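The values are calculated or read from the model by the stated rules, or taken from the named source; none is laboratory data. All values reported here derive from a predicted model rather than from experimental measurement. A quick note on method: Cβ atoms are made from the backbone with ideal geometry, for glycine too, and the neighbour counts reach across all protein chains shown. Quick note on the areas: whole protein, heavy atoms, side chains included, nothing else; ligands and nucleic acids left out. Shrake-Rupley method; radii C 1.70, N 1.55, O 1.52, S 1.80 Å.
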There are 2 protein chains.
Amino acid sequence: MIRDEALRLFAERGADAVTVRQIAAAAGVSAGLVVHHFGSKAGLLEAVDQHVLGLFDAMLAELSAGSGADPLAPESSGSLAEAVTRHLPADSPIPAYLRRLLLDGGDAGRQLFRRLFTASQAALDALSAAGLAARGPDPLVRAAFLMANDLAVLLLRDHLADVLGTDPLSTDGMTRWTAEVLTVYTAGLLPPHPTEPEEGIQ
Amino acid sequence: MIRDEALRLFAERGADAVTVRQIAAAAGVSAGLVVHHFGSKAGLLEAVDQHVLGLFDAMLAELSAGSGADPLAPESSGSLAEAVTRHLPADSPIPAYLRRLLLDGGDAGRQLFRRLFTASQAALDALSAAGLAARGPDPLVRAAFLMANDLAVLLLRDHLADVLGTDPLSTDGMTRWTAEVLTVYTAGLLPPHPTEPEEGIQ
DNA sequence: TCAGATACTGAACGCATGTACAGGATACTA
DNA sequence: TAGTATCCTGTACATGCGTTCAGTATCTGA
C-alpha cells in the first residue's frame, strides 16, 4: 500500500526529506500513480496524517476506557508511551510518526497536542477524584507537566535508548522506566530516611 | 553576520528547509559568498553546530559551577531550561536550535545529549550527596527521567505556550513551571492529607 | 462482446536548488 | 603608484524535485 510506505518513510526521515519517487519505489509503483491517487504530495501527507490521527484516537479512547475500568493500574496515569507499546508492534512506524506530528506537523500537530492535553487533564481529575493524586497548586501546569514527561519518552526515544542501553518503548525498557517514574510520583525525589545512606548502584 | 543569520533561519525552519540564497539574502550578501566562506551548505551547518555547541558548553559549565556554590537554590536541580532562560535574550534562536540539534542533528545531537546526560547524572549525585535527593532504585533511569522532563519544556515549548497561555521559557512561565515541578519532586503527586479534599482551582 | 471506467506507466516540463567560476571592487603592503 | 590578496557579485550549469500528460493495460458491468 502506497499510504503505508509513505507513513513509514515520513516517520523515518520526515516528509520533506522523502521524495514522491522514493515512496513510489518503496510501494512498487510509478511516481505518477502516487500523484494520481492522492492529487499531490501534500495530499498524500494529509491522508497519512488523518490515518495516524484516526489510529491515535482509537488508542486514546481505549486508554481512557481502560482507566475507568481499573484506575489503580499503573498505566492508568495516562501514559501514552505505554499505550503505544501495548497496542503496536515493536517495529511500528507510528511512534516515530507521532513524534514528527508533534514536532513539525503544523495544524495536525497542534490538534494532536490539544487532544492529549485534554486527556491529561481528565486523567489527573480522575486520579484526584479517586484520591490517588492531587491536582496540585496549579492543575493546568501539573497536567501539562505529566503529559510532557510522557511525551519526552516518545520524542527522545533514540537518545534515551542510546544512553540507557534499552529502548524505552520496548517491554523491558518501559517496565524499567515506569517503575522509576512511579517512585518519583509517589514519594518525590527525597530519600526515605535522611540519615540512612542510599545503596550505591552503578 | 552570515553565520548568525544561518543560525536564526536553521533554528526557525530546519536546515533542510532553508536555502543558501535565503541565508545570503538575510545577511545582505550574495549566495556565492556564503559558499566561498564555508565551502558548502554542509560546511556552514557544521560551523553553526560547533558555534552553538560552544555556547552551550559555556552555559553548562557555568550551570554546574553555580550549583556547586549554592546547591539549595531551585535552579541547581540542573534545569537546562532555566539556564537558557537566564542567559539568553527572550527572542534568542538558540533554544530552537538546540531543539533541532537534539531532534534532527545526527552526530552533534548525540554528542549534545550525552553531555547533558552526564551532567544530569552528576547533578543527581551532587544532590544525593547533599541529602537533597535520592539516587533512587535505578539511578541511570532517574537521571534520564529528570533530564527528559527538563528537555520536554524545550522541545514542546510552542505547544505548551499554546495550551497554558504562557511561554514556559519566559520569566513568568518558568516560575510557574518550576514551582509545580518542585512540588511534585518534593512530595510526589499524592495529596498532603488523603481525607482532606483539594481546593478546586480552574 | 464491447464500451467505459479505472489502474498504471514512462517520458517530459518547469522550477528551485547547491555549487562552480570568471571577473569586478576594495583594501593592504611595498 | 603598482601589485597582490581578499571580499564579493552575477551568471551559468547540472541535478533532482513535484507535477502533467498521452497512452496502455486491466477490470467491470450490461
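For chain A, modelled as a Gaussian network with Cα springs under 10 Å, which listed residue fluctuates most, A:178, A:19, A:186? Looking only at A:178, A:19, A:186, the largest GNM fluctuation is found for A:186. Over chain A, dividing the summed -39,500 (n - 2.57) contributions of all DSSP H runs of at least 4 residues by the number of residues returns a 222 nm mean residue ellipticity of -22500 deg cm²/dmol. Checking the a/c ratio against 1.5 first, then a/b against b/c, what shape does the Cα gyration tensor give for the stretch A:1-40? Judged from the Cα gyration tensor, the stretch A:1-40 comes out prolate (a/c at least 1.5, a/b above b/c). GNM remark for chain B: springs join alpha carbons under 10 Å apart, and the peak mean-square fluctuation among B:167, B:16, B:104 falls on B:16.
Using a ≥ b ≥ c from the Cα gyration tensor of the protein assembly as shown (square roots of the eigenvalues), is it rounded, prolate or oblate, where a/c under 1.5 gives rounded and otherwise the larger of a/b and b/c decides, a/b for prolate? It is oblate, given that a/c is not under 1.5 and a/b is not larger than b/c. The residue B:91 and residue A:25 beta-carbon pair, evaluated with R₀ = 56 Å, returns a calculated FRET efficiency of approximately 0.85.
What separates the residue B:162 label point from its copies, with the point 7 Å along Cα to Cβ, is 2.7 nm, written shortest first. Modelled spin labels at residue B:12 and residue A:129, positioned 7 Å past Cα toward Cβ, are 4.6 nm from each other. Please list, in order, the residues from the stretch B:105-119 whose amide nitrogen is less than 19 Å from a point placed 7 Å along the Cα→Cβ vector of residue B:62. Backbone N within reach: B:116, B:119. Size descriptors for chain B: radius of gyration and Dmax over Cα atoms are 19.7, 72 Å. Report, in whole Å, the centroid distance computed from the Cα atoms of the stretch A:134-173 and the stretch A:12-51. Centre-to-centre distance over Cα atoms comes out at 31 Å. Converting phi to 3J(HN,Hα) with the Karplus coefficients 6.51, -1.76 and 1.60 and the offset θ = phi - 60°, the stretch A:80-87 yields 5, 4, 5, 4, 4, 4, 6, 8 Hz in sequence order, with x at every glycine or proline. Kindly provide the Kirkwood hydrodynamic radius of the stretch B:87-202 in Å, to one decimal, from all pairs of distinct alpha carbon atoms. That comes to 16.4 Å for the stretch B:87-202.
Inter-copy label distances at residue A:175, shortest first and taken from points set 7 Å along Cα to Cβ: 4.6 nm. Per the Cα gyration tensor, the stretch A:123-167 maps to an equivalent ellipsoid with semi-axes of 29, 11, 7 Å, ordered largest to smallest. A label point on residue B:28, set 7 Å along the Cα-to-Cβ line, lies at 5.9 nm from each of its counterparts in the other copies, closest listed first. Computed over protein heavy atoms with a 1.4 Å probe, the carbon and sulfur contribution to the accessible area of the stretch B:48-187 reaches 57%. Of the residues B:17, B:144, B:161, the one that moves most in a GNM of chain B with alpha-carbon contacts below 10 Å is B:17. Given a Förster distance of 35 Å, report the FRET efficiency between residue B:50 and residue A:162 from their Cβ-Cβ distance, rounded to the nearest 0.05. It comes to 0.95.
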